[in-house]
Amino acid sequence: MIRHLVQTSLLACMGLVLLAPGKTQGDDERKPHTVKQLAAQIRNASVVVNTLDISGEVEGTGAGFVISKDGLIATCHHVVREGRPIKIEFADGREFDVEKMHAFDRTLDLAILKINATDLDVLPLGVSDKIEQGERVVAIGNPLGLDFTVVDGVISALRDEQLDRLIQITIPIERGNSGGPVLNMHGEVLGIVSMKDDRYRNIGFAVPVKSLKLMLDDPNPIPMERWITFGRLNQREWTTVFAAQWSQRGGVIHVDTPGTGFGGRALCISKRKVPKVPYEVAVDVKLEDESGAAGLAFESDGQDVHYGFYPTSGNLRLTRFNGPNVFSWQIFETLSTEFYQPGEWNYLKVRVEEDGIKCFLNDALIIASDDKGLRGGRVGLAKFRHTKADFKNFQVAKSIPSRKVPLEKVRAIEKIVKDLGEEPYADSPLITSLQKQGPRTRSVLQERAKELEREAERVRLAAELVHFQQLRREMMKELAKEEDKIDLLYCSLLLSKIDKPELDVAAYRKLVNQMGADLKASLPQKAGLEDKLKRLNQFLFEENGYHGNRDLSDSCYIDHALDNREGLPITLSIIYIELAKRIGLNDIHGAQIPGHFMVCHMPKGEAGRLIDVFERGKIMSESDSSILLYGDRVPASKRSILGRMVRNLISRQSAPDNWQQRMRYLELGPSLEPNSAIARLDRSVVRYQSGNLDGAREDATWLLENKPRGIALDRVRAFLRQIDKADREGR
């Protein structure tokens, strides 16, 4: 059902406050209020939540409500866009800037904001566990001080989705409702409006208020000056011109909304030094909609004057912009080319020479110009109109190597596929010949098509397995080093890249290095161990908002933890260890606590102490049960840390249709932990199921030879006989 749910839009102003009459919370003897009474009661505690663009204009709007007299506001996470300032408006016209993100959780889609205010009217929080299907609900909307409107409905169901239950309400949910409260007829909040069903206008969903209470009990505050850095471009590397919304996650830069230049033009200028002519500049670009236009800008004066080479409405174009308006716009060439791949990443490269310009698309030269009017400028990215686009792998250098695969390699790879020839047309000789074969021709061709589809699936699987084997080989090469030389962050990113082939490993390593440099620069002079540890906790949790999230769907990936500043205990611990190392805390290691990964600070000559990174760097007391579970105080090896991450990824791929991904991680497990009996047993079974009998026999034989504790060896022997039988029958 989730795929039918869409988060309610933030762009309109109308909002709803939902009221649930019928059975009451706790005391059924209380007399319920009328809708008119409640509308007057809750008016002053309802707010409009506005996110602002870089020019200070309202970019998106949602609803919210006051939950504490000293300025805590509840809303939905998707209402408060990351990297954006937030403003709160009350029905009486008062406005407040949000000064702190008190708590936020993407999985639950909840956020708690803090404004500098006192003596506010508050909506009391009820008990969402006691609501029942069939209770009548009433919607009241008044986010901008407009007259309240009332709509009747019911609580139609309680749905189990992801980590929590959702309250399904049969009532119109309009744009801008997200973040508004759901109340009973006593004015107690039962839930927060979160999403609507895009199939039906009158079906909406709310997050139960118990989730909000949990966040109040365990906040993860972050000041707004840090919140607005989420997803923001690295200002050390880029300067934006003519507005638009530029953001960055890992190595991918995203742009949307029109720029303020003519035709919606906006630029993102690189601060990298441009080599003397001749030089080359390149980037991969993907358009969300082929009617858009985005690509390279070069020889820019940092404002209106520059060249542009970019896809536009399915064509490729080379232009020169000589000023701020359309009359100064010079188009050198616009052409359609077979080398352009709609909806895919396309590689743009420009070579600037003294006497001309050469433009390449996916390593094919498609445009050459002898224009030499602009030289000595800067390089960067450009977008036009309402285009939404992604960029990655931006480069500028004297020469950028071709990505083109050598012909002999292409031919070697293509031996696994058949040449299907050109696409047939109605009167082609091929069709004329086939139709003479009689009425069974169509069924024969359909069967052939099915076989080709199966063959295509096999080719796709082969490509994925080649990708996996390349990453495994690279990881094993890194793990062959001495323990203190192994790059744990690099190996963790390689794990992410198995499921995310386009992930830019270098960009995330650069991000962590920059975080480490910023942290180091903030240390007091002559900082000791305790000073460094305290500053590390402040930097990671208080200033940058890193926090725990046990949702396995994404939090088990290290790149997700870096992008979204949330993760499992193990992913957060890896970031903690990496930053500690960059400020000289080389005695912080992983601690393999069963069920909950931690780190251990073990200065020389001391027993060490456990630190729970998931709990914002909490130092565990000697009486804590975790201390007993970590009795030997032996640091976790980097291989074992990666093995634990693999087990999390295996759990994530538990759905039946994910068996191919699950199989890859089961293959990887024993490579990381060759002495793990469970990893060997699991891999042996999955190898047998996939037809790899030799591999299954190898693991089963290892189990019999090594006789690990906890493994029923008689069953392994029976399994080995089954493997041998299947092998004989197959031959």
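The values are calculated or read from the model by the stated rules, or taken from the named source; none is laboratory data. It should be emphasised that the depicted structure is a prediction, and the values quoted were computed from it without experimental measurement. Cβ coordinates were reconstructed from backbone atoms using ideal geometry, including for glycine residues, and neighbour counts include every protein chain displayed.
Tabulated values for the structure
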{"read-out": "Test: residue in region 552-559 that is within 16 Å of residue 577 (Cα to Cα), assigned to a helix (DSSP H, G or I) and over 17 Å from the mean Cα position of the chain (by Cα)", "value": "no"}
{"read-out": "Test for residue 75: is it surrounded by fewer than 21 Cβ atoms within 10 Å (Cβ to Cβ), under 23 Å from the mean Cα position of the chain (by Cα) and within 23 Å of residue 166 (Cβ to Cβ)", "value": "no"}
{"read-out": "Options 251, 302: the member that is farther than 30 Å from residue 68 by Cβ and under 22 Å from the mean Cα position of the chain (by Cα)", "value": "251"}
{"read-out": "Test: residue in region 134-147 that is within 17 Å of residue 208 (Cα to Cα), modelled with pLDDT of 70 or more and in contact with a Cys (Cβ under 8 Å, 6 or more places away or on another chain)", "value": "no"}
{"read-out": "Residue 317 vs. criteria of a type in the set (D, E, K, R) and in a strand (DSSP E or B)", "value": "yes"}
{"read-out": "The listed residue being of a type in the set (Val, Ile, Thr), at negative phi, in contact with a Lys or Arg (Cβ under 9 Å, 6 or more places away or on another chain) and at pLDDT 70 or above, out of 173, 203, 192", "value": "203"}
{"read-out": "Selection from region 338-359 of residues that are of a type outside the set (A, V, I, L, M, F, W, C), under 31 Å from the mean Cα position of the chain (by Cα) and in a loop (DSSP other than H, G, I, E, B)", "value": "340, 341, 342, 343, 344"}
{"read-out": "Matching residues in region 57-86 - criterion: being aliphatic (A, V, I, L, M) and not in a loop (DSSP other than H, G, I, E, B)", "value": "58, 63, 66, 67, 72, 73, 74, 79, 86"}
{"read-out": "Qualifying position, being surrounded by 11 or more Cβ atoms within 10 Å (Cβ to Cβ), out of contact with any strand residue (DSSP E or B) (no Cβ under 8 Å at 6 or more places or on another chain) and either touching a residue at least 40 places away in the same chain (Cβ under 8 Å) or under 28 Å from residue 639 (Cβ atoms) (or both), among 531, 487", "value": "487"}
{"read-out": "Unique residue being under 35 Å from the mean Cα position of the chain (by Cα), aliphatic (A, V, I, L, M) and assigned to a helix (DSSP H, G or I) when the list is 720, 666, 703", "value": "666"}
{"read-out": "Exclusive hit being over 24 Å from residue 252 (Cβ atoms) and of a type outside the set (Gly, Ala, Ser), set 272, 317, 351", "value": "351"}
{"read-out": "Every pair of residues 6+ apart whose Cβ atoms lie under 6 Å, when the first sits in region 182-193 and is more than 15 Å from residue 132 (Cβ to Cβ) while the second is of a type in the set (A, V, I, L, M, F, W, C) and in a loop (DSSP other than H, G, I, E, B)", "value": "189/123"}
{"read-out": "Counted residues, region 112-128 - those being free of Cβ contacts under 8 Å to residues at least 60 places away in the same chain and either over 20 Å from residue 187 (Cα atoms) or part of a strand (DSSP E or B) (or both)", "value": "4"}
{"read-out": "Yes/no for residue 496 being among the hydroxyl-bearing types (Ser, Thr, Tyr), crowded, with 19+ Cβ neighbours inside 10 Å and in the same structural domain as residue 545 (by TED's automatic domain parsing)", "value": "yes"}
{"read-out": "Verdict on residue 690 being within 24 Å of residue 653 (Cα to Cα), small (Gly, Ala, Ser), buried (at least 17 other Cβ atoms within 10 Å of the Cβ) and under 34 Å from the mean Cα position of the chain (by Cα)", "value": "no"}
{"read-out": "Condition check for residue 709: over 20 Å from residue 468 (Cα atoms) and either modelled with pLDDT of 85 or more or in a helix (DSSP H, G or I) (or both)", "value": "yes"}
{"read-out": "Test: residue 502 is over 22 Å from residue 615 (Cβ atoms), surrounded by fewer than 19 Cβ atoms within 10 Å (Cβ to Cβ) and either at pLDDT below 95 or touching a Gly at 6+ places or on another chain (Cβ under 7 Å) (or both)", "value": "yes"}
{"read-out": "Any chance residue 309 is under 36 Å from the mean Cα position of the chain (by Cα), hydrophobic (A, V, I, L, M, F, W, C) and at pLDDT below 95", "value": "no"}
{"read-out": "Matching entry among 322, 393 (being of a type in the set (S, T, N, Q) and closer than 17 Å to residue 285 by Cα)", "value": "393"}
{"read-out": "The listed residue being hydrophobic (A, V, I, L, M, F, W, C) and either at positive phi or at pLDDT 90 or above (or both), out of 645, 663", "value": "645"}
{"read-out": "Residues of region 563-572 satisfying the condition of being closer than 20 Å to residue 611 by Cα, in contact with a Gly (Cβ under 9 Å, 6 or more places away or on another chain) and part of a helix (DSSP H, G or I)", "value": "569, 570, 572"}
{"read-out": "Tabulated pairs, region 693-716, first closer than 12 Å to residue 675 by Cα and in contact (Cβ under 8 Å) with a residue 24 or more places away in the chain, second of a type outside the set (Phe, Trp, Tyr) and surrounded by 14 or more Cβ atoms within 10 Å (Cβ to Cβ), C-beta under 6 angstrom, 6+ apart or interchain", "value": "699/680; 699/683; 699/684; 703/680; 703/711; 703/716; 708/677"}
{"read-out": "Members of region 265-279 that are buried (at least 17 other Cβ atoms within 10 Å of the Cβ) and either of a type in the set (A, V, I, L, M, F, W, C) or closer than 14 Å to residue 381 by Cα (or both)", "value": "265, 266, 267, 268, 269, 270, 274"}
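Yes or no, residue by residue, for (1) in a helix (DSSP H, G or I); (2) modelled with pLDDT under 95; (3) buried (at least 23 other Cβ atoms within 10 Å of the Cβ); (4) among the basic types (Lys, Arg):
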site: 574; (1), (2), (3), (4): yes, no, yes, no
site: 585; (1), (2), (3), (4): no, yes, no, no
site: 593; (1), (2), (3), (4): no, yes, no, no
site: 599; (1), (2), (3), (4): no, yes, yes, no
site: 607; (1), (2), (3), (4): no, yes, no, no
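So that you can scan it fast, the table gives a plain yes or no per residue for (1) farther than 29 Å from residue 649 by Cβ; (2) outside the structural domain of residue 589 (by TED's automatic domain parsing); (3) polar (S, T, N, Q):
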residue: 470; (1), (2), (3): no, yes, yes
residue: 533; (1), (2), (3): yes, no, no
residue: 536; (1), (2), (3): no, no, no
residue: 543; (1), (2), (3): yes, no, no
